[in-house]
Amino acid sequence: MRLNPKLGHLSFSKQGRQQVFSIASPLGSKNSICPQYVIDVVEASAAHALLRMACLKTETAPGRYHMGIEYYLYDFETATMREIWRAAVQDKNAHMPDAKPKPTLKIISNGYRFDWKGVQPSDSPPSITTLHNSYTRSTDKSGVKGLLCTNLSAPKGEGVEDDMCEGGILPLVVKNN
C-alpha cells in the first residue's frame with residue numbers, strides 16, 4: 001500500500017498488479033473540506049484492508065470548521081474500495097469523532113460482514129447507531145466486479161444498497177492486471 005498525497009491517490013500493489021484509488025483531494029488543496037489527512041491500516045490480509053482516514057481540523061471558512069473520520073473497505077479481487085462508516089463535526093472545540101468501538105470485519109465466503117453498534121459522533125445530540133451490513137463480491141450486467149452492500153437488518157430483499165450502506169465507492173484511477 002502506498003499513499004501519494006500530492007495526487008490524493010492510494011495504491012495497492014501485489015504480484016505485478018496495481019490498483020490506484022482517488023481517496024482525497026491533493027494534499028493542501030485550498031478548496032477541499034479535507035486538505036490535511038492521515039490514513040491508518042486497521043486490519044489487512046492479502047485479499048483486503050480496512051482503512052481509517054482522519055480529516056484533521058480545518059477552518060473551511062472564517063469561523064467554520066470541519067473534521068471527520070471515515071473507514072474504508074478495500075477488496076483486492078474486485079478492485080473496489082468503499083466507505084463503510086463515517087462521522088464528522090463542525091464545532092471548533094469538538095474532539096475527533098472516531099468510532100467507538102473501532103470497526104472490524106468478519107471475512108465470509110464471498111466477501112465481508114460488518115457489525116457495529118455505538119454512539120454515532122456528530123454535532124447533534126448523541127444517538128446509538130447499529131449497522132449489520134454484508135459486502136459481497138458481485139458482477140454487474142456489463143461484467144464489472146464490485147462489492148454489493150446489503151443491510152441485513154432490513155426486511156428480506158429491501159436492504160440492498162440502502163441508507164445504512166453509508167457512503168460511496170472511491171474512484172478507481174488505475175488498474176493494471
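The values are calculated or read from the model by the stated rules, or taken from the named source; none is laboratory data. In this text the structure is predicted, and so the values were computed from the model without any measurement. Heads up, the Cβs are rebuilt from the backbone with ideal geometry, glycines too, and the neighbour counts pull from every protein chain shown. Calculation scope for accessible area: heavy atoms of the full protein, side chains included, ligands and nucleic acids excluded. Shrake-Rupley method; radii C 1.70, N 1.55, O 1.52, S 1.80 Å.
Looking across the range 23-50 at every residue that is open to solvent by less than 50 Å² (accessible area, probe 1.4 Å) and polar (S, T, N, Q), the one that is nearest to Ala79 (Cα to Cα) is identified as Ser25.
Per this entry, Leu73 is not counted among residues that are open to solvent by 10 Å² or more (accessible area, probe 1.4 Å) and not charged (D, E, K, R). Answer yes if at least one residue in the range 114-133 is within 16 Å of Asp75 (Cα to Cα) and either among the aromatic types (Phe, Trp, Tyr) or modelled with pLDDT under 90 (or both), and no otherwise. So far as the range 114-133 goes, yes, one or more of its residues are within 16 Å of Asp75 (Cα to Cα) and either among the aromatic types (Phe, Trp, Tyr) or modelled with pLDDT under 90 (or both).
Looking at Gly16, is it within 14 Å of Val174 (Cβ to Cβ) and either touching a helix residue (DSSP H, G or I) at 6+ places or on another chain (Cβ under 7 Å) or surrounded by fewer than 14 Cβ atoms within 10 Å (Cβ to Cβ) (or both)? Judged against the criteria, Gly16 is a match.
The set of residues in the range 9-45 that are modelled with pLDDT under 90 and either within 18 Å of Leu56 (Cα to Cα) or in contact with a Lys or Arg (Cβ under 6 Å, 6 or more places away or on another chain) (or both) comprises Ser25, Pro26, Leu27, Gly28, Ser29, Lys30, Asn31, Ser32, Ile33, Cys34, Pro35, Gln36. The set of residues in the range 77-97 that are surrounded by 15 or more Cβ atoms within 10 Å (Cβ to Cβ), within 29 Å of Gly146 (Cα to Cα) and more than 15 Å from the chain's Cα centre (by Cα) contains only Thr78. Note on the range 104-122: residues that are open to solvent by less than 30 Å² (accessible area, probe 1.4 Å) and within 17 Å of Thr150 (Cα to Cα) amount to 5.
Picking from residues in the range 139-164 that are in contact (Cβ under 8 Å) with a residue 60 or more places away in the chain, surrounded by 15 or more Cβ atoms within 10 Å (Cβ to Cβ) and out of contact with any helix residue (DSSP H, G or I) (no Cβ under 8 Å at 6 or more places or on another chain), the one that is nearest to Lys102 (Cα to Cα) is Leu147. Taking (1) more than 13 Å from the chain's Cα centre (by Cα); (2) within 21 Å of Leu148 (Cα to Cα); (3) open to solvent by 30 Å² or more (accessible area, probe 1.4 Å); (4) not β-branched (Val, Ile, Thr) in turn, Lys100 satisfies each apart from (2).
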